[in-house]
Amino acid sequence: MYPTHRGNKSKRVQVNLSEQEFALLEALANLNGLQLATQLRYLVMNEALECLGVRDIHEFDAISVMGLGAEANLH
């Protein structure tokens, strides 16, 4: 997707969480030794790829998901 693993991350999303949800995610990030934003990005991207039936970002190919109705979102 990007030439480097860091890429250009300029898009932002805001999510409202309860105290319990935030505490859970914060504990998970601490357990893994990651910043909360890094942990959240990892979780979101893994879930998105799993929904598309792809094991990791290196296998992702926009053409391969065309049959899932994704073409409207590519334009």
Expected output for the stretch 1-13 (first residue under 17 Å from Asp56 (Cβ atoms), partner at pLDDT 60 or above, Cβ below 8 Å, 6+ apart or cross-chain) is Met1/Gly7; Met1/Ile57; Met1/Phe60; Tyr2/Asn8
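Select from the stretch 33-49 the residues that are assigned to a helix (DSSP H, G or I) and surrounded by 11 or more Cβ atoms within 10 Å (Cβ to Cβ) and list them in ascending order. Can you show your working first?
We begin by selecting, within the stretch 33-49, every residue assigned to a helix (DSSP H, G or I); these are 36-49.
Those that are assigned to a helix (DSSP H, G or I) and surrounded by 11 or more Cβ atoms within 10 Å (Cβ to Cβ): Leu36, Thr38, Gln39, Leu40, Arg41, Tyr42, Leu43, Val44, Met45, Asn46, Ala48, Leu49.
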Top-ranked residue in the stretch 57-71 [being part of a loop (DSSP other than H, G, I, E, B) and either closer than 21 Å to Val13 by Cβ or open to solvent by 60 Å² or more (accessible area, probe 1.4 Å) (or both); ranked as modelled with the highest pLDDT]
Phe60
Test each condition in (1) touching a helix residue (DSSP H, G or I) at 6+ places or on another chain (Cβ under 9 Å); (2) of a type in the set (S, T, N, Q); (3) at pLDDT below 95 for Asn30 and report the one that comes out false.
(3)
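The values are calculated or read from the model by the stated rules, or taken from the named source; none is laboratory data. As the structure is a prediction and not an experimental result, all values here were calculated from the model. Cβ coordinates were reconstructed from backbone atoms using ideal geometry, including for glycine residues, and neighbour counts include every protein chain displayed. Areas reflect the complete protein model, heavy atoms only, side chains present, ligands, DNA and RNA absent. Shrake-Rupley method; radii C 1.70, N 1.55, O 1.52, S 1.80 Å.
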